[in-house]
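So the structure is just underneath, and the comments pick up after that.
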Amino acid sequence: MRFLRSLTFRTRLNLGLLLPLVLFEFLRVTHEAHDHEQMFLDGLVRESEMAANLGAEALVLPLGMFDQQRIEEIAEGILAKGSIAHVMVTDAKGEVLVERTDEGFAMGAGALQASAEIRQAPAYGDLKLGEVTVVVPESAINGPLKESLEHLLLVALIALFLFSGVAFFVVSVLSRPLSDLAKTVAALRDNELDGPVPDQDRRDELGMLARSLEQLRLGKIEMAELRAESDESARRENKRILRALQSTRDAVLLADENGQVVFCNPNAEAFFGNARAGYRLNFRTWLTTELAEKAESHVLRKENFAFEANIVDSQSGEDLSLLVRSGPIRDEHGLYLGTLLLASDHSDQARQAEWARYLAEHDSLTGLPNRRLMEQTFQSWLQEEAEEVSILLADLDHFKLINDTLGHPAGDALLQVVAQKFKACASTYVLAARLGGDEFAILVKGASSLERLTNIAERLVIEMSQPQEINGQVLHTGMSAGIATLSGPDSKPSEGIRRADLALYEAKRAGRGTVEVFHEDLETEIKRKALLERELRHAIEQGDIRPVYQIQTDLKTGEIIGFETLARWHHRQLGTVSPAEFIPIAEDSGLIRELTRQMLLQAFKTTAKWHEMGFRGRVAVNLSPKLFGSRVDEFLNDCLYEANCPAEAVEAEITETVVLASGQSALTEIQALQELGVTVALDDFGMGYSSLSYLQKFPVDKIKVDSAFVSKLPESQETRAIVVAIAELGHALGMRVTGEGAETDEHRKLLKACKVDYLQGYYDGPPLAERAATARLFPSQAEHLNIAS
């Protein structure tokens, strides 16, 4: 098609006329050649049949008389006639009598064969005497067929020659006016407007076209005259536009439809890699390969596009951030004229945006990546095929105490010290982050990420267990960490964070200052905790959790001086659930206040009844650290009022965690409890690292030696010395001392020897329900109680 478009109209018209004729003549000659060939073949068939029939008639007498010599003469005569190439005569039994073949002839597929029977005349019995067979080769027609084809081709060539001459003449006459009009159109395009358009006097379509071109020529002449009049104002307007384009701070570049730069202001020369008018537009001198290829593709497709690019000013060498926009230039009819390229320097805005992005992705206090960037990085690393990513979550032990006692500046300074330790761990495939508060995280990518992260975590835990000097003060803190590992693009960062958080919770529960790696058992534990939380809500709503009372006795007299109230929960399917399991769940889920209220009301009602019956001991109740900070004294006083129980009959047991968690506000609330008349006891004494340092700050009335010490009294001289020291210290501070967990008479004797005042434990029996405890207190009224029940 491209070749045909390059030919002139006259040539294409001639070809349009001649090619169908050539095709027709070719088909006609082919058809007639086939007919002639068939005609010659039919002649050969008739010739062979005639020769066979004549030979059969001539051989009747010689064959009947067994004249072999005559038979051979007749066969040779047949062979000598016409186109016969092979003759064979056989007798009635099919035995060959004579066989003759032309020299050079070989039997094959290209031969025509005819046979005739040799029979006696009917008058003599119509007996078959034999058979004569003749063979004629098809090549016998080659000569005549060739002469026929030559004749046909000669006639066809003569016809084509005559028609071509006539067609050329006719086409020349018809196309000459078109050629003249084409030259006129070319002249009009080049603004050569001299002389009228030819052939205007014709009355056909060409004449109409010529007259239209003449009107166009006259119109162009008129437009040229008008344009000449406005050239001066146009030049002034162009000068103003050019001056504005040269003066603008933006880079402006115009390229024609062939990609040649036709205008380029000074900023465009600086921004676009020393672009110059007269040179081709080249994106690759100032853009990266990827951006350059995209820009070139948009220009080729005549599309609008925009992108941001970081480039180097070719004149000043300054790093710039450009907003580049481009689009095609078209006239009022939509004809493509070229490309406009604009660029604005927004380096200041880009730096501000980068700083804003940095602030959005980093912690302002420590400079570490924040939760958002950590989660984005986590997701990105997981998307990389076959990559393993491990995550560590860590937080500081007792950080709230440091904030409350030393102030937030000291806490912030500690966080900055910790952040430096985490930053020291960061590398290409290790990301350290601060998630908020005292919670930090580390991501490690690649093979053996779990092993590497475990080593990092253990090193950090050891470092954080050492005293930290902050602003001239030595702070004692620690760190607990949980680790989880994920891999594969289907994994979710939230799942990794959840697992690491579970492991962190387990590390804290195990005693803090440890590293715990997530395992499936943790998942099972969490599912059980979720189940217990649901069932605990139901149990609290139904009042299924009941109090029992463990006896406390005076080691000197053996008398019952009080009880400790313990919560018991028996589930219809789960069985008995330990308080050590459901109390932390109640604290974490916000159920502890309602659970405590129910226990206090039941215990206080029982205490009030015992008090009326003459018991002057105290019933102890445990107060969770979660209750402090929200006026626990008012909460307990409300329960006393509702149960109509005297405050002097009640003892509140707290742990040092109360002060560690709530600070000065807890000390205020403890004093308020004592002002109500409630005795305050410090439970689990001796197990916390700060017990002795906080003992003077606790305005308590009693301390309870933890069962871990009591159980070791028979076997450890050191433990006995510790218990003696605790008892003497408590007495020196005006406090009474109780030993918890005493199970044997030996425990009782050793506690008494250590100058402990009271005993609590299974030595006096298991915790008792209200009726059993009442019977133990008032044995003389036991029978009456049974009858009343």
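For region 217-236, the count of residues that are open to solvent by 100 Å² or more (accessible area, probe 1.4 Å), modelled with pLDDT of 70 or more and within 60 Å of the chain's Cα centre (by Cα) is at least one. Residue-level analysis places Ser175 outside the set of residues that are part of a helix (DSSP H, G or I), out of contact with any strand residue (DSSP E or B) (no Cβ under 6 Å at 6 or more places or on another chain), open to solvent by less than 50 Å² (accessible area, probe 1.4 Å) and at pLDDT 75 or above. Filtered by the rule that a residue be in a loop (DSSP other than H, G, I, E, B) and either crowded, with 22+ Cβ neighbours inside 10 Å or of a type in the set (A, V, I, L, M) (or both), region 497-521 gives Ala510, Phe518. For region 273-296, filtering for residues that are open to solvent by less than 20 Å² (accessible area, probe 1.4 Å), under 26 Å from Ala244 (Cβ atoms) and at pLDDT 85 or above leaves 2.
Residues that are open to solvent by less than 20 Å² (accessible area, probe 1.4 Å), farther than 23 Å from Lys704 by Cα, assigned to a strand (DSSP E or B) and touching an Asp or Glu at 6+ places or on another chain (Cβ under 7 Å) occur at least once in region 570-581. Per the listing Glu612, Glu651, the residue uniquely surrounded by fewer than 20 Cβ atoms within 10 Å (Cβ to Cβ), under 30 Å from Thr774 (Cβ atoms) and either at pLDDT 90 or above or of a type in the set (A, V, I, L, M) (or both) is Glu612. Evaluate region 365-374: report whether one residue or more is under 26 Å from the mean Cα position of the chain (by Cα) and either under 26 Å from Lys294 (Cβ atoms) or open to solvent by 50 Å² or more (accessible area, probe 1.4 Å) (or both). Looking through region 365-374, at least one residue is under 26 Å from the mean Cα position of the chain (by Cα) and either under 26 Å from Lys294 (Cβ atoms) or open to solvent by 50 Å² or more (accessible area, probe 1.4 Å) (or both).
Sub-7 Å Cβ pairs linking a first residue in region 282-299 that is among the acidic types (Asp, Glu) to a second residue that is surrounded by 15 or more Cβ atoms within 10 Å (Cβ to Cβ), at least 6 apart or interchain, are Glu296/Phe283, ordered by first then second residue.
Before we move on, is Leu340 open to solvent by 50 Å² or more (accessible area, probe 1.4 Å), in contact with a Leu (Cβ under 7 Å, 6 or more places away or on another chain), of a type outside the set (Asp, Glu) and at pLDDT 85 or above? So Leu340 passes the test.
For Met39, state whether it is out of contact with any Gly (no Cβ under 8 Å at 6 or more places or on another chain) and over 13 Å from Pro137 (Cβ atoms). Yes: the conditions hold for Met39.
For region 656-700, filtered to residues that are closer than 25 Å to Val619 by Cβ and open to solvent by 50 Å² or more (accessible area, probe 1.4 Å), the residue that is modelled with the lowest pLDDT is Met687. When each of Ser297, Ser326 is tested for being assigned to a helix (DSSP H, G or I) and not aromatic (Phe, Trp, Tyr), the lone residue that passes is Ser297. Checking each residue in region 113-158 for being at pLDDT 75 or above, of a type in the set (Ser, Thr, Tyr) and not in a strand (DSSP E or B) picks out only Ser148. Within region 754-778, residues that are within 29 Å of Ala725 (Cα to Cα) and β-branched (Val, Ile, Thr) reach partners that are open to solvent by less than 20 Å² (accessible area, probe 1.4 Å) and not in a helix (DSSP H, G or I) with beta carbons closer than 6 Å, at six or more positions or on different chains, in the pairs Val756/Val737; Val756/Gly739.
Quick check on Leu486: is it among the hydrophobic types (A, V, I, L, M, F, W, C), crowded, with 21+ Cβ neighbours inside 10 Å and either in contact with a helix residue (DSSP H, G or I) (Cβ under 9 Å, 6 or more places away or on another chain) or on the phi < 0 side of the Ramachandran plot (or both)? Yes, satisfied. Within the set Gly407, Gly437, the sole residue that is closer than 30 Å to Gln473 by Cβ and out of contact with any strand residue (DSSP E or B) (no Cβ under 9 Å at 6 or more places or on another chain) turns out to be Gly407. Scoring Leu44 on the criteria (1) out of contact with any strand residue (DSSP E or B) (no Cβ under 6 Å at 6 or more places or on another chain); (2) closer than 30 Å to Ala156 by Cα leaves a single failure, condition (1). Would you confirm whether any residue within region 617-636 is in contact with a strand residue (DSSP E or B) (Cβ under 9 Å, 6 or more places away or on another chain) and aromatic (Phe, Trp, Tyr)? Yes: one or more hits.
Could we say that Ser494 is of a type in the set (Ser, Thr, Tyr), open to solvent by 30 Å² or more (accessible area, probe 1.4 Å), over 21 Å from Arg371 (Cα atoms) and out of contact with any Gly (no Cβ under 6 Å at 6 or more places or on another chain) here? Answer is no for this residue.
The values are calculated or read from the model by the stated rules, or taken from the named source; none is laboratory data. Quick caveat: nothing in here was measured; it's all calculated off a predicted structure. Every residue, glycine among them, receives a Cβ derived from its backbone with ideal geometry; neighbour counts consider all protein chains shown. The protein model used for the area step is the full one, side chains on, heavy atoms only, and it has no ligands, DNA or RNA in it. Shrake-Rupley method; radii C 1.70, N 1.55, O 1.52, S 1.80 Å.
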